[in-house]
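Everything below concerns the one structure shown next.
The values are calculated or read from the model by the stated rules, or taken from the named source; none is laboratory data. The structure presented is a predicted model; accordingly, all values stated were derived computationally and were not measured. In this analysis, Cβ positions are derived from the backbone assuming ideal geometry, glycine residues included, and neighbour counts consider all displayed protein chains. The area values use the complete protein model at the heavy-atom level, side chains included, leaving out ligands, DNA and RNA. Shrake-Rupley method; radii C 1.70, N 1.55, O 1.52, S 1.80 Å.
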Amino acid sequence: MWKNMKAKSKYLKILFSARWWMQMLLKVGNFCKRLIYFSTQRHQKPNLHHRFIKVLFLTTLLTYLLFGQVVSAQTPNVTALVEQGIKDYDTGNFHNAVKHWEDALIQYKSNSAATAVVNENLARAYQQLGENKAAIASLSAAIRDYGAVANIQQVGRMKSELAQVYSNLGQPRKAIAVHKRR
């Protein structure tokens, strides 16, 4: 299961990066449309010079957002934390895996798809350490995050794992209740 985690991690990195860029491009495009709409409402017939300035501004803004230093400086560090956590987990060093994944979780806070995967990994590490309350919290967060990105299949898997933790703790009613929740 964890052998595929490295490949899954690389695939998810690429997928999340591409998805993030597409979202940013859509946001910038919508912003540009609004900017052009509001600027043309004041002057019903903008001259060619004004349009050229608007296009130049939007092109400069888009170029800065795509190739800016601020965006690219963060990603390798988070990826390295996730990968190091996977290596630590695979070697049985669960405490270090938790530490790396918790650090990655802080940096990924605005990316639901990435936090879902990290919370899933954290839950498994916490289970290995016997920290069931932390495992329950991480699984609940993974369910929330997978739900936010509409990954219903993973929501179901995380609910099953959460029910299993409750069952192992001798709480069958909570285990059953997990599956009844929407």
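Give the residue that is most open to solvent (accessible area, probe 1.4 Å), with candidates limited to residues of the stretch 154-182 that are free of Cβ contacts under 8 Å to residues at least 24 places away in the same chain and of a type in the set (Val, Ile, Thr). Even if it seems obvious, please write down each step before you answer.
Our first condition is that a residue be free of Cβ contacts under 8 Å to residues at least 24 places away in the same chain; within the stretch 154-182, this holds for 155-157, 159-160, 163-164, 167, 170-182.
Filter again for of a type in the set (Val, Ile, Thr), leaving 155, 176, 178.
Details: 155: 22, 176: 99, 178: 2 Å².
Only one residue fits best here, namely 176.
Screening the stretch 104-133 for residues that are among the aliphatic types (A, V, I, L, M) and without any contact (Cβ under 8 Å) to a residue 24 or more places away in the chain and picking the one that is farthest from residue 83 (Cα to Cα) gives 106. In the stretch 82-153, counting only helices (runs of 4 or more DSSP H) that sit wholly within it, the ones holding 1 or more residues that are at pLDDT 90 or above, open to solvent by 40 Å² or more (accessible area, probe 1.4 Å) and more than 25 Å from residue 175 (Cα to Cα) span 94-107.
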